[in-house]
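A short worksheet on the structure shown next.
The values are calculated or read from the model by the stated rules, or taken from the named source; none is laboratory data. Here the structure is a predicted model, which is why all the values come from computation and not from measurement. With ideal geometry, Cβ positions are generated from the backbone for all residues, glycine too; neighbour counts draw on all protein chains shown. SASA here: full protein model, heavy atoms, side chains in, ligands and nucleic acids out. Shrake-Rupley method; radii C 1.70, N 1.55, O 1.52, S 1.80 Å.
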Amino acid sequence: MSQPVPRIQVANGGSTESLEAPGSPTDLRQRALDHSRAISVTGFQETASTIAAASMRNELNRMVGLVSDETERAKFAQEMDSFYALFTRYLAQKAKGQKLNWDEVHSPGPEQIRLYKDLPQVADTGKAPILEKLAVLKLNGGLGTTMGCVGPKSVIEVREGMTFLDLTVRQIEYLNSTHNVDVPLILMNSFNTDEDTDRVIKKYQSHKLQLLTFNQSRFPRVSKDSLLPCPKTPNGKLADWYPPGHGDLFESLANSGTLDKLLAQGKEYLFVSNVDNLGATVDLNILQHVHDSGAEFVMEVTDKTKADIKGGTLIDYEGAVHLLEVAQVPSAHLDDFKSVKKFRIFNTNNLWINLKAIKRVVDESMLNLEIIVNQKTTDSGEKVIQLETAVGAAIKYFKGAHGVNVPRSRFLPVKSTSDLFLITSDLYHLNHGELQINPKRLFGTVPLVKLGDHFKKVAHFQSRFQSPPHILELDHLTVTGDVTFGHDVILQGTVIIVANYGQRIDIPSGAILNDKVVSGNLRILDH
C-alpha cells in the first residue's frame, strides 16, 4: 500500500494552495527527471565533442600529409599536435561547462604580493655578476594595424626618431657596456612579424649585443559553425591562421632550440615583457630578489586605476596564486572584478622566470593554461574562433611564484595614439634608451588623455601637432573632432577641446590653456 504524499498548506491571496513537501515522491521523481535530462544533455555534448575532435584530427592529418619536405612536415606536425591538444581541451571545457568558482576567489595575501619598496636595494657600482645569468625576451608578435601602421608594431617611431626596437637595443647595449656583461636580447616573433623583423634587425649587426629571434606557433582559425579548421592547405591564406597568444612562449622557446641554447650559455633567468611597454627595463633590485628568494616565477603588478579595470589581476584561488583575466569572470561578478577597491593591482606582463623551471614544466607537459576564446568575423562574414592563452597564467605551475607591486613607471605601454601623446611629450626624457619621468613634474601620476578618432592613426596624429605640447602641469585632456595644435602649446589642469561635425579648431602656437573648455570654430591664420 502506497504512503500518502506529505502536503503543505500555503496562503495565497486569501485562499490556500496544497503543495507537496520537498522530498516527496513527486519531488524526487522530478529531480530524477531533471538529473536524467542533464545527463542526456551532457552526453549529447560529449558525443558532439568526440565527433568534432575526430573530424579536426582528420583535417589536421590531411594538411600535414600535404607538406612534402620531411623537416618542414615534422615541424608543422608538431605545431598541429599542440593546436589539437588546445582544441580538445576547449571542447572538454565546453561540454562540461567548466567555470570559475567565484567563492574560491580571494585577494592575494602579503606572501603572494611583495612590495617593491621593501626589496633590498642593490648598489649600482657597475659590477653586477648576476646579470651574466640573465636573458631579456620581448614579445614581438603584434602588428601596428590598430594605430594605422603597416608591419610589426615594434618598428613604429615613438620618440626622437627611434622605434620601440631601437630603444630596447639601446637599453641592453648600455646595460652590457656599463656592467661588462653579455645579456642577450631575444625577440619572440609571429608569422606576421618575422620577415619584416629579420630585415630590420640587420641594422644592429655592428652593435655589441647578442640578438636572437624565434617564432611562436601558427595555429589554424576554427569555423564557429563546423568546428573545422579554416585553412585547407598548410600554405593557404594568411588570414586563416593566427598566433595563439603569448602563452605559447614556453613551448615555442623550447621547440625552437632557444631554451637549450640559453641554458648552455649558463643563463638562469629570463625577463619577459611586451615590446611596446617602454617602462619594462632590467631592474637589478627585482633580479636580485628573484635570485635570493628562489622564486621560479615573479610577476610585476602595479596599482590599478580606472583606466586599467579590464587588466588581469593576481588572486588567491584554492590556496594558490593564479592570474585572473576578465574573460574568465562570470558575468554576475564583472563589477566586482572591475572594482579598484577589491582588486587593487593588475598584471603589467613584466615577468621574471627561471629557465630551468621552464624546461621542467615543458618536458613534463604540465602547462594547461586557461583558454581565452577570441571570436572574430572574417572579411567574408564567416564567424571564426581563435583559441589563445596568456603567458602570465603559467604562474600557478612554478614553485615560489608571487607578484611584486612595482611603481607605475614600470608600466608605460603604447597601445594608442593617446599613449603616444604622453610618450612624445616633455613629461619624459630619454636616458640611454630608457624613458624617465621629468623631475619637473610635480604630481606622482600621469595625465589622463583621450584623443578622438581624428587622431587614431599615427600619421594623422603626427600631422595635427606642429610640435608636442608642454604638459608638465596637465591633469586631464580630451580632444574630439578636427583639431590641430601649433608650436609650443602649453596645456595645464583639465582641458577639453571639442570640434563638432563640420567645424574645425586650430590651437595657435604659444597658446596657454589652463582649465579650459574650447568648442565651436577657431582658426587663426599666420600673415
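Of all residues in the range 117-140, those satisfying the criterion of being closer than 29 Å to residue 344 by Cα and open to solvent by less than 40 Å² (accessible area, probe 1.4 Å) are 119, 136, 137, 138, 139, 140. Candidates in the range 505-518 are the residues that are touching a Gly at 6+ places or on another chain (Cβ under 8 Å), not in a loop (DSSP other than H, G, I, E, B) and not acidic (Asp, Glu); of these, the one that is nearest to residue 481 (Cα to Cα) is 505. Determine if the range 87-103 includes at least one residue that is modelled with pLDDT of 90 or more, part of a helix (DSSP H, G or I) and open to solvent by 60 Å² or more (accessible area, probe 1.4 Å). For the range 87-103, residues modelled with pLDDT of 90 or more, part of a helix (DSSP H, G or I) and open to solvent by 60 Å² or more (accessible area, probe 1.4 Å): absent. For the range 163-195, residues that are open to solvent by less than 10 Å² (accessible area, probe 1.4 Å), farther than 19 Å from residue 432 by Cα and of a type outside the set (A, V, I, L, M, F, W, C) total 3. When residue 244 is tested against (1) in contact with a Leu (Cβ under 7 Å, 6 or more places away or on another chain); (2) outside any loop (DSSP other than H, G, I, E, B), only condition (2) is not met. Inclusion of residue 424 among residues that are out of contact with any helix residue (DSSP H, G or I) (no Cβ under 6 Å at 6 or more places or on another chain) and open to solvent by 10 Å² or more (accessible area, probe 1.4 Å) is warranted.
Cβ-Cβ contacts under 9 Å between residues 6 or more apart (or on different chains), taken from a first residue in the range 101-127 that is farther than 17 Å from residue 314 by Cβ to a second residue that is open to solvent by 100 Å² or more (accessible area, probe 1.4 Å) and modelled with pLDDT of 90 or more, are listed as 120/292; 126/180; 127/180. Comparison of 271, 214 shows that the only residue that is farther than 22 Å from residue 415 by Cα and touching a Leu at 6+ places or on another chain (Cβ under 8 Å) is 214.
If you check 349, 277, 255 for being on the phi > 0 side of the Ramachandran plot and surrounded by 19 or more Cβ atoms within 10 Å (Cβ to Cβ), only one passes: 349.
Restricting attention to the range 216-227, the residues that are part of a strand (DSSP E or B) and surrounded by fewer than 21 Cβ atoms within 10 Å (Cβ to Cβ) total 1. Please specify each residue of the range 56-84 satisfying the condition of being open to solvent by 50 Å² or more (accessible area, probe 1.4 Å) and of a type in the set (A, V, I, L, M). 66, 74, listed by residue number. Looking only at the range 327-357, residues that are of a type in the set (Val, Ile, Thr) and modelled with pLDDT of 95 or more come to 2 in all. Screening the range 470-492 for residues that are in a strand (DSSP E or B) and open to solvent by less than 10 Å² (accessible area, probe 1.4 Å) and picking the one that is farthest from residue 444 (Cα to Cα) gives 483. Of everything listed in (1) part of a loop (DSSP other than H, G, I, E, B); (2) open to solvent by 10 Å² or more (accessible area, probe 1.4 Å); (3) under 19 Å from residue 115 (Cα atoms), the single unmet condition for residue 285 is (1). Of the numbered criteria (1) among the hydrophobic types (A, V, I, L, M, F, W, C); (2) part of a helix (DSSP H, G or I); (3) over 16 Å from residue 424 (Cα atoms), the one residue 461 fails is (3). The residues in the range 445-455 that are open to solvent by less than 90 Å² (accessible area, probe 1.4 Å) and closer than 19 Å to residue 413 by Cα can be counted, and the count is 7. Annotation: of all residues in the range 288-328 being touching a His at 6+ places or on another chain (Cβ under 9 Å) and hydrophobic (A, V, I, L, M, F, W, C), the one that is surrounded by the fewest Cβ atoms within 10 Å (Cβ to Cβ) is 315.
Between 416, 467, 463, which is under 24 Å from residue 485 (Cα atoms) and under 18 Å from the mean Cα position of the chain (by Cα)?
416
The residues of the range 141-152 include none that are assigned to a helix (DSSP H, G or I), open to solvent by 10 Å² or more (accessible area, probe 1.4 Å) and touching a helix residue (DSSP H, G or I) at 6+ places or on another chain (Cβ under 7 Å). Considering only residues in the range 456-469 that are out of contact with any Gly (no Cβ under 9 Å at 6 or more places or on another chain) and open to solvent by 40 Å² or more (accessible area, probe 1.4 Å), the one that is nearest to residue 503 (Cα to Cα) turns out to be 463.
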